[in-house]
Amino acid sequence: MKIPAALCIVLLLAAAVFALGCVYGWYRNRKMYRTIDRMLDEILDGEPVSQSDIREGEISALAAKAKRIQEKVDSGIIRAEEEKEQVKSLISNMSHQLKTPLAGLMMYREMLEDEGLDVETRRRFLEKMKGQSEKIDWILQSLFKMVNLEQGAVVFEAEALPVRDTILDAVTASLDKADRREIEILTETFEDRILWHNRKWTAEVLVNLLENAVKYTKPGGRITISVRPMEMYTEIAVRDTGRGIRQEELTEIFKRFYRSRDVENIEGSGIGLYLSRLILEHEKGYITAASVPGEGSTFSVFLQNCQNSV
């Protein structure tokens, strides 16, 4: 059977279109492959993913996703480097903080090996060893809490609680050290209030403030605790008659391991105030400091109100 000429032309045209389509598809797939290969090389080499010559919708969308992948990879690398530096800094500071009490323990141990020591001297050295051991334990516990709070590994529940018991816990825990230095702790009369906080952790914040006040106040000084209601928060202020803090350091003292050069000769770790700030942030509260050098300091803890009073 003879095929009409017109039909032959149509078939030839269809075959040509099909062939062109195959060639175009091959070319397009090859172009996409090369584009993907180039983008992967750019990601692996840490170079920006180029899009200047990309116009086609699918490839353009693919390039956009590649850029997002690259941004996440870069972000992960930066975060890993930051964490690496934080770990190095933490280890360095831990070594520095533990060096003095460990040296003290070793020195007293060597002294106690002297068989000629009298009973009273031996007792004094044992007391000093106990004090250094307690300091090491406090530093390690504080570091453990600090790291866990920073990493979000510790989750504690804040709730609506009366604040009087929390303040009483802190004062009771600090009285012994204050009495030994003949420093008076006074609590101004206040109406108990329901505040958003965790009793144990907030008491630890107040203990840190009270013990700092005791440490930097001369014997015979005074520490005053006051409670002042505000519209959204209640202020718990701890005022002392101590040595005070220079104005330019008031924003520095809440940084991790910060210690003023004015108190380098006084034992301390630079952890307490930083830890206090972390705790209060978890309770949606905050802390501030004000001071007049030579006259004393005031540290104010602000906790959210739940209701006006008990």
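The values are calculated or read from the model by the stated rules, or taken from the named source; none is laboratory data. For clarity, every value in this text was computed on a predicted model and none was experimentally measured. Cβ atoms come from the backbone with ideal geometry, glycine included; neighbour counts cover every protein chain shown.
A few notes on this one:
- Flag for ASP137 being loosely packed, with under 15 Cβ neighbours inside 10 Å and assigned to a helix (DSSP H, G or I): yes
- Out of SER133, SER174, SER226, sole residue that is small (Gly, Ala, Ser) and assigned by TED's automatic domain parsing to the domain that holds LEU105: SER133
- Sole residue being within 18 Å of GLU283 (Cβ to Cβ) and in contact with a strand residue (DSSP E or B) (Cβ under 8 Å, 6 or more places away or on another chain), chosen from LEU195, LEU175, LEU149, LEU186: LEU195
- Residue tally, condition on the phi > 0 side of the Ramachandran plot and either at pLDDT 80 or above or surrounded by 15 or more Cβ atoms within 10 Å (Cβ to Cβ) (or both), over the range 140-163: 0
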